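Structure first, then comments.
Nothing in this text is a laboratory measurement; each read-out follows from the coordinates by a stated rule. Being a predicted model, the structure only gives us computed values, none of them experimental. Please note: Cβ atoms are built from the backbone with ideal geometry, for glycine as well, and neighbour counts cover all protein chains shown.
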């Protein structure tokens, strides 16, 4: 057996239906589209969510909830993460740019420093927000927690 005698499995390849090629083909005239109506026309496309006239799911299910347009979405970074970052890069000042370079956040994220973990080195941290426990942990080691 070699590449020259490879062929697809029997029955796996079918010839396409050639429609609209005259009455003798058996698929002429209406070209398998039936008579009249939107689906027989060229350019027809069903609306998204259309269920044949039945009330669509997105209209049967009630609306609920509330989207607050003035909500601020913060990316949380724990002080344990700051500790490992400062140790690995020998830093004493950490800001949003440093976190973005480390790949912890994207450059447009708003950052909130959270108090999970332990901090053992003095750090000067600049971020958009701090939890009370994170601010206390940073300031306990004579570091500074500056809000942008």
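Among the residues making up segment 107-140, those that are within 21 Å of residue 89 (Cα to Cα), surrounded by fewer than 16 Cβ atoms within 10 Å (Cβ to Cβ) and touching a residue at least 12 places away in the same chain (Cβ under 8 Å) are 116, 117, 118, 120, 121, 122, 124. Note on segment 7-38: residues that are surrounded by 10 or more Cβ atoms within 10 Å (Cβ to Cβ) and either outside any loop (DSSP other than H, G, I, E, B) or in contact (Cβ under 8 Å) with a residue 12 or more places away in the chain (or both) amount to 5. Being surrounded by fewer than 10 Cβ atoms within 10 Å (Cβ to Cβ) and farther than 30 Å from residue 19 by Cα holds for only one residue in 71, 89, and it is 71. For segment 42-57, residues that are more than 26 Å from the chain's Cα centre (by Cα), loosely packed, with under 10 Cβ neighbours inside 10 Å and in a loop (DSSP other than H, G, I, E, B) total 6.
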